[in-house]
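Take a look at the structure set out below.
What follows is calculated from the coordinates using simple rules that are stated; it is not laboratory data. Quick caveat: nothing in here was measured; it's all calculated off a predicted structure. Cβ atoms come from the backbone with ideal geometry, glycine included; neighbour counts cover every protein chain shown.
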Amino acid sequence: MVLESMINPKNAEDKPWHVFIISIIYTFVAVFFAYFLFPSQASILSVALVTIIFVPFFQKLFTLEEKKEDMAAHKQLKGNLFSRHSKIIYVFSAFFLGVIIAMSFIFIFFSESNLFSLQADTIRGFSGAATQEGNFWRFFTNNTQVMVLVYILSLLFGAGSVFVLSWNASVIAVYAGSFAKSFVEQGIAPGLAYIYGVPLGLGSILLHGIPEIAAYFIAGLAGGILSVGIIREKLGSRNFHLILKDSFILLITAEVLIFIAALIEAV
């Protein structure tokens, strides 16, 4: 695959900034083809194309992470569960941020009504819900559902969670881009509005956004390594028991982060 010829999955964990750059490039490509192939459905097709491009890449990363579990089971790899898998979180973060940067840029400089219509509708729905009572449980329940979906998709399809992550990145991109557009409407040049508006938009959700998105990354990792473990390991073996235990610990950790994010967001 072209993506893997540009960045080797084995080296990606040591050079996440490569993933960041590649994710920006491929997001532009995905949005371009989505718009010119099916412009009326571009808002979801662009996310689907990003997913198609990156699923094989992340599937190989999950295979590498599962091998770390094998090495840990045989005492060939030191460190705890979180230190073993910390680097793939950086890769997820680089990918996620790259999609946000690319899509927010397109949102500001390519004003096409249908290009991000679904994302805009989603943001309006969130804005309406935020004015209602019981925000904590609403945020906690909704985010837990997304986290479980990420876990299940990774478990069933390996790197299937990339679709949910790409979708969330596109929604955040439109949200942050809206801040920049508000500056443009005030007469500020689009380039300057982008430089100031997007960081401002991201900063407004930073406190609850970091634990929430980290929870999705961890849930995707938990499902991904278990998915590979089911295929590669013998059920009932010591290696499989370790993978199952670690997957459960990661999932619990993700739920704790979801709780913290909902608490911060509801304040």
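DSSP H helices in the chain with Cα extent of 24 Å or more along the helix axis and mean Kyte-Doolittle hydropathy at least 1.0? Both cut-offs are met by 16-37, 81-109, 161-185, 206-232, 238-266.
Among MET103, MET147, MET71, the largest mean-square fluctuation in a Gaussian network model of the chain, built with springs joining Cα atoms closer than 10 Å, belongs to MET71.
Taking only C-alpha pairs under 8 Å that are 6+ residues apart, what is the relative contact order of segment 12-266 in percent?
RCO, segment 12-266: 25 percent.
For the chain, modelled as a GNM whose springs connect Cα atoms under 10 angstrom apart, the maximal fluctuation among TYR216, TYR90, TYR35 occurs at TYR35. Applying 1/(1 + (r/R0)^6) with r as the Cβ-Cβ distance of LEU263 and PHE110 and R0 = 41 angstrom yields a FRET efficiency of 0.65. Note on ARG124 and LEU235: the extension gain reaches 35.4 nm, defined as 0.36 nm multiplied by sequence separation minus the Cα-Cα distance.
The fewest-to-most ranking of HIS18, HIS85 by surrounding Cβ atoms within 10 Å reads HIS18, HIS85. The reciprocal of the average 1/r between distinct C-alpha atoms defines the Kirkwood hydrodynamic radius, which for the chain equals 19.2 Å.
Note on segment 12-266: lysine pairs with Cα distance below 26 Å, sequence gap of 8 or more or different chains, count 28.
Cβ-to-Cβ counts within 10 Å put GLU69, GLU185, GLU212 in ascending order as GLU185, GLU212, GLU69, the fewest first.
In a reduced charge model with +1 at each Lys and Arg Cβ and -1 at each Asp and Glu Cβ, segment 12-266 shows a dipole moment near 700 debye about its Cα centre.
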